[in-house]
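The values are calculated or read from the model by the stated rules, or taken from the named source; none is laboratory data. Everything numeric in this text was worked out from a predicted model, so none of it was measured. With ideal geometry, Cβ positions are generated from the backbone for all residues, glycine too; neighbour counts draw on all protein chains shown.
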Amino acid sequence: MGKQPVSKNSRALAAQALAEVLNNGQSLATVLPRTLARTPERDRGLVSELCYGGCRWFHRYNPVIQQLLSKAFKPKDTDLLALLLLGIYQLEHMRVPDHAALSNTVEACRALKKDWATKLINGVLRNFQRNKKQLLADAYKIPGAEQSHPRWIHKALSQHWGDAWASIEAANNAHPPLALRVGAGLNRADYQQTLAEAGIKAAPGALARASLVLESALDVTQLPGFDSAQISVQDEAAQLAGELLPVPAGGRVLDSCCAPGGKTLHLLQNHPDISLVAVDADAGRLTRVQENLDRGGLHAQLITGDASQPSQWWDGNAFDAILLDAPCSATGVIRRHPDIKLLRKPADIDKLAALQGQIVAALWPLLAPGGHLLYATCSVMPQENTQVMEAFLAAHPKAREVPLPSSWGIAQPAGRQLLPGAHNSDGFYYCLVQKTA
């Protein structure tokens, strides 16, 4: 096999992408699209799997690699660390024959123009094969390493959720299901039959009323009804937002921190007569919201604005209902975004909790008496969830918590918490409050 340029070597491309996450703190959502644009079409699935797998299992295999290196790689050689991670991932989690995993990983080293490291890469991987049992046993002495979680997340899960930490971490490492939300104009059972006739197996979800979970992932753009937004891709936990927020007929509704627009679409499809204002601080992400609306032939007023500073964009007319999908640590959706385990830091939690408290307090005056505000996050950290809403309720006498259905989640001092994997859904938190007259 001759030397390949990096632009054509899929494992080298994956290693470079993972190195950008490790070195530069960039998310996979940012790095992967531009990486796939340089990847031969036949190998794009492989590159995606390697990148996600490298992030998912970094905290298990990095301690192993460090045992096998005489000295750590310099920052400019983080792509070699990434290559070793991907080599072990192939050996442990993929159907690639061992000899192919070894030879292809070494070849990727050459494609990275680091021929000097080929013997090192080959030696470390072969050493791992020979001494795997002991190397892993030593690595597992680090709290969180066996289930590949950073020590601080592992500690937080243990502290907050007791013995449930193990099932949470296992769910975080699982490949997420592909869940659909069937639009209000379609009957779920009828659409399930439509899929069955097309040879696509799907089952009703256990959590959300309009959900269908596909047995196997596929290109959803080819599904009947996708082009017209009759169906949307949305995890069941996120689908609950559109079910839980009471919206009066013809009411004025605010969808705050709305991008990418899945919940915006859901609200409009369920309540086509409302006047909806959708606000997000990121103008670029509002483009995604508009695309979702265009797909469904629906309209909302889109505003680029900071939810914590409504005086900059609010017109003074009160809202009958507010959905606040607050910016958060996203620790409930690690299975979909395993790079969170690499990017998120302990100090982020308190900073986010402070911001969340600012936003919910800032939006409260925009709500009409009798109206409802639904606070939501995709976090499992109580500091961002119940503690934010406990403090809010204590500071606002006219805020009354409305009980949520007890058929899902864990009751908190304020609101309810869904843990990752429960009902095969993501981790989500909800708290519903009403403004008394």
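So if I check each of S232, S228, which one is in contact with a Gly (Cβ under 9 Å, 6 or more places away or on another chain), small (G, A, S) and not in a loop (DSSP other than H, G, I, E, B)? Full working, then the answer.
Details: S228 fails: not in a loop (DSSP other than H, G, I, E, B).
Exactly one residue qualifies, and that residue is S232.
Of all residues in region 182-218, which are touching a helix residue (DSSP H, G or I) at 6+ places or on another chain (Cβ under 8 Å) and of a type in the set (S, T, Y)?
Within region 182-218, just S211 meets the criteria.
Hey, can you tell me all the residues within region 385-420 that are more than 28 Å from R252 (Cα to Cα), out of contact with any Asp or Glu (no Cβ under 7 Å at 6 or more places or on another chain) and surrounded by 17 or more Cβ atoms within 10 Å (Cβ to Cβ)?
Q387, W408, G409, Q412, L418, L419, listed by residue number.
For (1) free of Cβ contacts under 8 Å to residues at least 24 places away in the same chain; (2) outside any loop (DSSP other than H, G, I, E, B), each residue gets a yes or a no:
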site: V21; (1), (2): no, yes
site: Q26; (1), (2): yes, no
site: L32; (1), (2): yes, yes
site: R42; (1), (2): yes, yes
site: N62; (1), (2): yes, yes
site: F73; (1), (2): yes, no
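Would you point out which residue out of G144, G185 is in contact (Cβ under 8 Å) with a residue 24 or more places away in the chain and on the phi > 0 side of the Ramachandran plot?
Values: G185 fails: on the phi > 0 side of the Ramachandran plot.
Within the list G144, G185, the selection yields G144.
Residue check, A37 against (1) more than 24 Å from H149 (Cα to Cα); (2) touching a residue at least 40 places away in the same chain (Cβ under 8 Å), all met but one. Which one?
Here A37 meets the rest and fails (2).
Picking from P382, P338, P369, which residue would you name as being surrounded by fewer than 18 Cβ atoms within 10 Å (Cβ to Cβ) and modelled with pLDDT of 95 or more?
Details: P382 fails: surrounded by fewer than 18 Cβ atoms within 10 Å (Cβ to Cβ); P338 fails: surrounded by fewer than 18 Cβ atoms within 10 Å (Cβ to Cβ).
After ruling out the rest, the residue left standing is P369.
Taking A229, is it surrounded by fewer than 24 Cβ atoms within 10 Å (Cβ to Cβ) and not polar (S, T, N, Q)?
Working: surrounded by fewer than 24 Cβ atoms within 10 Å (Cβ to Cβ): yes; not polar (S, T, N, Q): yes.
Spelling it out, A229 is indeed surrounded by fewer than 24 Cβ atoms within 10 Å (Cβ to Cβ) and not polar (S, T, N, Q).
Any idea which of P382, P413 is touching a His at 6+ places or on another chain (Cβ under 7 Å), touching a residue at least 24 places away in the same chain (Cβ under 8 Å) and either within 16 Å of A241 (Cβ to Cβ) or not β-branched (V, I, T) (or both)? Before the answer, list the steps.
Numbers: P413 fails: touching a His at 6+ places or on another chain (Cβ under 7 Å).
Among P382, P413, only P382 is touching a His at 6+ places or on another chain (Cβ under 7 Å), touching a residue at least 24 places away in the same chain (Cβ under 8 Å) and either within 16 Å of A241 (Cβ to Cβ) or not β-branched (V, I, T) (or both).
Sort out which residues of region 384-408 are under 12 Å from L432 (Cβ atoms) and among the hydrophobic types (A, V, I, L, M, F, W, C), and write them in order of number. Write out each step before concluding.
As a first pass, look at region 384-408 and keep what is under 12 Å from L432 (Cβ atoms): 389, 393, 399-405.
Across region 384-408, the qualifying residues are M389, L393, A399, V402, L404.
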